[in-house]
Amino acid sequence: NAGVTQTPKFQVLKTGQSMTLQCAQDMNHEYMSWYRQDPGMGLRLIHYSVGAGITDQGEVPNGYNVSRSTTEDFPLRLLSAAPSQTSVYFCASSSRGGGYTFGSGTRLTVV
Amino acid sequence: DAKTTQPPSMDCAEGRAANLPCNHSTISGNEYVYWYRQIHSQGPQYIIHGLKNNETNEMASLIITEDRKSSTLILPHATLRDTAVYYCIVRVPDRGSTLGRLYFGRGTQLTVWP
């Protein structure tokens, strides 16, 4: 099915561990973004990419790294997990000027 | 980037039109207004977007005032499945270093009751 696929759906980490959240889209979209959503809040932009090899920071980039080696994939790396990074993470993709398609989210708990 | 203001909550009877307002008084002339909704804890779903003219699709209508400082999303015949948080977002157009950004506020919780 066409869309944005995020893995894993759930993850529990210990403080200080690192991990990569995967995001893949099969719509040949140029734009991809990562957002986090904390309880009762709207989504906040972490990092985004306007094409393969091009990334930039959003509102809350600290503690996260991204890379975009292909059009399809946009992984988000947590370098050293902290309890403040407990959140729901959404990946999204868009064509130029179009509406964003969001994945179903990764629910991350850092203990 | 332009910011948006929405009421925190609204309710609507099933079958009636739901009119969700949004203020974006600092919007620039080339910034688009987008609407998304989020049902429970799912990923946000795109609804509609516009620049100056009113827009309509199979999901909703978007009415933008002439001065572009506010807009209204209209769900013509609300159903229980339309209960969600609705986000009004101003998106910077495709140029420069702000390509592809969306900035979400807290949105409006719409509750449709039977």
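Just a few scattered comments:
- Taking segment A:41-111 as the region of interest, the strands (runs of 3 or more DSSP E) fully inside it that hold 1 or more residues being modelled with pLDDT of 90 or more and within 14 Å of another protein chain (Cβ to nearest Cβ) are A:43-51, A:54-57, A:64-66, A:87-94, A:106-110.
- Residue that is more than 23 Å from B:Ser41 (Cα to Cα) and either more than 14 Å from chain B (Cβ to nearest Cβ) or out of contact with any Lys or Arg (no Cβ under 7 Å at 6 or more places or on another chain) (or both), where the choices are A:Gln17, A:Gln6: A:Gln17
- Only one of the numbered conditions (1) at pLDDT below 90; (2) in contact with a Gly (Cβ under 9 Å, 6 or more places away or on another chain) is violated by B:Tyr34, and that is (1).
- No other residue among B:Cys22, B:Cys88 is away from chain A (no Cβ under 12 Å) and crowded, with 16+ Cβ neighbours inside 10 Å apart from B:Cys22.
- Test: residue in segment B:105-114 that is among the aromatic types (Phe, Trp, Tyr) and modelled with pLDDT of 95 or more: yes
- Residues of segment A:54-111 that turn out to be free of Cβ contacts under 8 Å to residues at least 24 places away in the same chain and closer than 10 Å to A:Met32 by Cβ, as a count: 1
- Test: residue in segment B:68-77 that is out of contact with any helix residue (DSSP H, G or I) (no Cβ under 7 Å at 6 or more places or on another chain) and modelled with pLDDT under 90: no
- Test: residue in segment B:30-52 that is farther than 20 Å from A:Ala92 by Cβ, touching a Lys or Arg at 6+ places or on another chain (Cβ under 9 Å) and of a type in the set (S, T, N, Q): yes
- Odd one out for B:Ile64, checked against (1) within 12 Å of chain A (Cβ to nearest Cβ); (2) in contact with a Gly (Cβ under 6 Å, 6 or more places away or on another chain): (1)
The values are calculated or read from the model by the stated rules, or taken from the named source; none is laboratory data. Bear in mind the structure is a predicted one, so any value in this text is a computation, not a measurement. FYI the Cβ positions are ideal-geometry reconstructions off the backbone, even for glycines, and counts take in every protein chain you see.
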